[in-house]
Amino acid sequence: MFKMSTSPHINSKQTTQTIMRDVIVALSPAIFAALCFFGINALIVLVTSVSSCVFFEYFLSRRLGLKNNTFDLSAIVTGVLLALNLPATMPIWMTILGAFMAIGVAKMAFGGIGKNIFNPALVGRVFLFISFPVQMTTWVKPHVLEFFNLDAATAATPLASLKHLTVAEQFNTDYLSLFLGNIGGSMGETSALALLIGFIWMLKRKIITWHIPVCYVGSFAVCIFISALLTGSARFDVLAHILSGGLLLGAIFMATDYTTSPMTKKGKIIFAVGCGVITYIIRVFGSYPEGVSFAILIMNAFVPLIDRYFIQYIYGTGRK
Amino acid sequence: MKAKTFAIGGIHINKHKLSANTKITELALPDVVYIPVKQHIGAPAKIIVKIGDKVKVGTLLAEADGVFSANVFSSVSGEVAKIEEINNGQGYLETVITIKREGDVFEEGMDLTDNLITDILDDKEELLRIITRAGIVGMGGAGFPTPIKNNIPEGKKVDTLIVNGIECEPYLTTDGRLMIEKAEQIIIGTRILNKILGIQNAVIAIDENKPRAIARLHRIAKRYVGVNVQKCKSIYPQGGEKQLINAITGREVPSGKLPIDTNCAVQNVATVYAIYEAVQKHIPLFRRVVTLSGNISHPCNYLVRIGTPISFVLKESNIPLEKVGKIISGGPMMGRTISSLEAPITKTTSGITVFLEENSYKPETTSCLRCGKCVDACPMGLMPLNIRDAVEHNEFQNLKQLHVQDCILCGSCSYVCPAKIPLLDYCKIGKYELSKLQKKA
């Protein structure tokens, strides 16, 4: 007797697990950069975050009676993203708390993978940011390739410098440092180069499309550019704004999360432009220097609405 | 020449055209054939022979029952042994005429030589009558009676004939081989259809993965008026009727309407070749080209008599059946699995795909990520994951808005899904439930 089944009889090789594996590969340049710049501190935060995310995923899926999806690697991705969004000097217990908020509250409480409304890693980060503002904004100076250098001299982030720039002053961080990542900031957000390598990898492996990252950064850049034209202030340095802070990390890895972003191309563009504009508003008019996390979380809330109203054109229904 | 393609969705898949360079060979004759009386969409043909009758190759066995039906001919010479109901391979009983073969004697009047006959009879009505009499139906898989497609109803007109040589199903190579080996015959067949439709505008659409067929047909088509060759991108499902019309003409078949509403007629390459044989060589439809492919050592293309049991095809090719897990009638994207090896080759069997045991299992389903890959893949612009939600939650009234009835069953959504959710199954259930709901209303 032969096997009977419905068509199609072949499937693509891409599974949830291979997608998550590709995302981890895409994140590896950023991980490498974090280890280069922040040494053993970065490693501690990373290991804490990943292991506690995996633990909470496994433990809670059993406790809540959900299907055990620990081996689809998505908890590792969340753990890495959370770590990359934290400063290298984050106390261990705070990192664990952040991981609990990410996996336990933002993901498992909603029913696990595919059911969450908000990006888990960002929920973890924002929770820590609001609860522990001092630890979350203590940025250490990077020590390139000095792995065991524990000297925790603090450094201002370029964004904070930009924010407090007066009209007469000039912005004086060189763009090469911004691009390579030799600046203060969260572990994974400093190196634009590493993030862009990850972006290209994900495009090549067809994990994401260009729509969200390009439209996010593009709309944000246009807003900054218009402000620069109107005010003439050095605060609105387009390139410095793009290369610093969490913009690239957010646009490439966080806003593109499948579950918390729209499905159609049209929806993706609207979502990304919304993220860009809100990031601009918070960075320029808000009290925080950084607005990427809040912008993405706010737009996450609009995703069901966007998915409902910006549907695809259906063949044969007549284009208007 | 720039390759054309359709506007919405589509997926890239490995086409596995293993037998693309294997010549069509004639399969040996089986001792028994089972000829179904219904190998087409519509009413079963009415049987006009009785048990014990002597028949020859090309003897009419069953007559079309009305317009929506087709004649059925004997494919071997011998004696009608039984008229019985057998498992058609998909688990349904089907009436077949069983013929015990003796020798290989043909009815008179058939021209079985390779001589090319280029002059076409100048009588539309007579041409249509010949095609009707020869029992020709759409050989791409649907089995739509060909005369209906070419008999244009009052108030409609056709300005473009599209000959479908895409063959986007993986593994299958029958159309590709026919276009290489019978190129000129196909062009003459196309001209016959041009004459019936009263137009001078036929496009033979070929997938860019068949460069030899494109080159050959292109060269020959130059010598004839009204036949053009168009290269199309190798994207699945390029060969879907609605997708192909869109690729070639830019038009869209309105939801719920037929291709004729876009002034197009679409015919498969194998059908066009059958039309050539019927009109120019007086050969009714009693054989067809079938690809035997899949996880086997010698994929090939056979010219097979209709009614030949699949078991005979497999035996002739020495397929080790103990390692086989799945046998599919057609290709792996839209084909159907076969449970009974006695099921016969019919007018619409374009191939048999054999999968080994280890390739015969469906992958395990995991949670939906809402990644939208199914939405990007759907060539009709539907949202398969929303259709699934509606079906799972018994919200059948929402299915109309989701246009589930426009689904062409291509399977692209199930193929791309990283969570391996059988989305096409949900679409099929959705179609069924919606039609039930609409019947009630």
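The values are calculated or read from the model by the stated rules, or taken from the named source; none is laboratory data. Note that the structure is predicted; figures quoted are calculated from it, not measured. All Cβ positions, even for glycine, are placed from backbone atoms using ideal geometry, and neighbour counts span all protein chains on display. These accessible areas exclude ligands, DNA and RNA; they are computed on the full protein's heavy atoms, side chains included. Shrake-Rupley method; radii C 1.70, N 1.55, O 1.52, S 1.80 Å.
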Test for A:V126: is it in a helix (DSSP H, G or I) and out of contact with any helix residue (DSSP H, G or I) (no Cβ under 6 Å at 6 or more places or on another chain) = no
State which residue is farthest from the chain's Cα centre (by Cα) when the search covers only the range A:105-115 and only residues that are under 17 Å from A:R63 (Cβ atoms) and part of a loop (DSSP other than H, G, I, E, B).
-> A:G111
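Residue by residue, here is whether (1) under 25 Å from B:H282 (Cβ atoms); (2) hydroxyl-bearing (S, T, Y); (3) at pLDDT below 95 holds:
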| residue | (1), (2), (3) |
| --- | --- |
| B:M1 | no, no, yes |
| B:I8 | no, no, yes |
| B:H16 | no, no, yes |
| B:A20 | no, no, yes |
| B:Q39 | yes, no, yes |
| B:K50 | no, no, yes |
| B:S69 | yes, yes, yes |
| B:E84 | no, no, yes |
Single condition B:V354 does not satisfy, out of (1) free of Cβ contacts under 8 Å to residues at least 24 places away in the same chain; (2) closer than 26 Å to B:Y92 by Cα | (1)
Only one of B:V203, B:V253, B:V266, B:V229 is touching a Pro at 6+ places or on another chain (Cβ under 9 Å), part of a strand (DSSP E or B) and not basic (K, R); which?
-> B:V266
(1) aromatic (F, W, Y); (2) closer than 30 Å to B:N359 by Cα; (3) away from every other protein chain (no Cβ under 14 Å): which one isn't true of A:F71, the others all being true?
-> (3)
The range B:119-153: number of residues that are surrounded by fewer than 13 Cβ atoms within 10 Å (Cβ to Cβ) and either of a type in the set (D, E) or in contact with a helix residue (DSSP H, G or I) (Cβ under 8 Å, 6 or more places away or on another chain) (or both) = 7
Any helices (runs of 4 or more DSSP H) falling wholly within the range A:170-286 and containing at least 3 residues that are open to solvent by 10 Å² or more (accessible area, probe 1.4 Å) and in contact with a Pro (Cβ under 8 Å, 6 or more places away or on another chain) = A:192-204
Residues of the range A:292-320 satisfying the condition of being part of a loop (DSSP other than H, G, I, E, B) and either of a type in the set (G, A, S) or at the interface with chain B (Cβ under 10 Å from one of its Cβ atoms) (or both) | A:I311, A:Q312, A:Y313, A:I314, A:Y315, A:G316, A:T317, A:G318, A:R319
Can you work out which of the residues in the range B:411-433 that are surrounded by fewer than 21 Cβ atoms within 10 Å (Cβ to Cβ) and assigned to a helix (DSSP H, G or I) is nearest to the other protein chains (Cβ to nearest Cβ)?
-> B:D425
Based on what the data block shows, is A:S49 farther than 23 Å from A:A251 by Cα and of a type in the set (G, A, S)?
-> no
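Residue by residue, here is whether (1) surrounded by fewer than 22 Cβ atoms within 10 Å (Cβ to Cβ); (2) in a helix (DSSP H, G or I); (3) in the same structural domain as A:K107 (by TED's automatic domain parsing); (4) over 16 Å from the mean Cα position of the chain (by Cα) holds:
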| site | (1), (2), (3), (4) |
| --- | --- |
| A:F32 | yes, yes, yes, yes |
| A:F37 | no, yes, yes, yes |
| A:T48 | no, yes, yes, yes |
| A:E57 | no, yes, yes, yes |
| A:S61 | yes, yes, yes, yes |
| A:G65 | yes, no, yes, yes |
| A:V77 | no, yes, yes, no |
Condition test on A:L73, is it in contact with a Gly (Cβ under 9 Å, 6 or more places away or on another chain) and open to solvent by 10 Å² or more (accessible area, probe 1.4 Å)?
-> no
Quick count over the range B:192-212, residues being touching a strand residue (DSSP E or B) at 6+ places or on another chain (Cβ under 9 Å), crowded, with 19+ Cβ neighbours inside 10 Å and touching a residue at least 40 places away in the same chain (Cβ under 8 Å), is 9
Within the range B:338-366, the count of residues that are touching a strand residue (DSSP E or B) at 6+ places or on another chain (Cβ under 9 Å) and open to solvent by 50 Å² or more (accessible area, probe 1.4 Å) comes to 5
Restricting attention to the range A:115-143, the residues that are at pLDDT 90 or above, crowded, with 21+ Cβ neighbours inside 10 Å and either touching a Pro at 6+ places or on another chain (Cβ under 8 Å) or among the acidic types (D, E) (or both) number exactly 0
In the set B:N21, B:N115, B:N87, B:N71, which member is within 14 Å of another protein chain (Cβ to nearest Cβ) and among the polar types (S, T, N, Q)?
-> B:N87
What are the residues in the range A:2-20 that are within 7 Å of chain B (Cβ to nearest Cβ) and among the hydrophobic types (A, V, I, L, M, F, W, C), if any?
-> A:F2, A:M4, A:I10, A:I19
For the range B:163-172, enumerate the residues that are buried (at least 24 other Cβ atoms within 10 Å of the Cβ) and out of contact with any Ser or Thr (no Cβ under 6 Å at 6 or more places or on another chain).
-> B:N164, B:G165, B:I166, B:E167, B:C168, B:E169
Hey, among B:V80, B:V105, which residue is buried (at least 20 other Cβ atoms within 10 Å of the Cβ), more than 25 Å from the chain's Cα centre (by Cα) and within 23 Å of B:R288 (Cβ to Cβ)?
-> B:V80
Does B:I35 meet the test of being within 14 Å of another protein chain (Cβ to nearest Cβ) and crowded, with 21+ Cβ neighbours inside 10 Å?
-> no
Kindly indicate whether any position in the range A:87-97 is under 30 Å from B:K420 (Cα atoms) and of a type in the set (S, T, N, Q).
-> no
Is it the case that the range B:401-410 has a residue that's surrounded by 24 or more Cβ atoms within 10 Å (Cβ to Cβ), in contact (Cβ under 8 Å) with a residue 60 or more places away in the chain and either within 23 Å of B:G240 (Cα to Cα) or of a type in the set (D, E, K, R) (or both)?
-> yes
Could you list, in sequence order, all residues of the range B:213-268 that are over 26 Å from B:H12 (Cα atoms), touching a residue at least 60 places away in the same chain (Cβ under 8 Å) and open to solvent by 20 Å² or more (accessible area, probe 1.4 Å)?
-> B:G256, B:I260, B:D261, B:N263
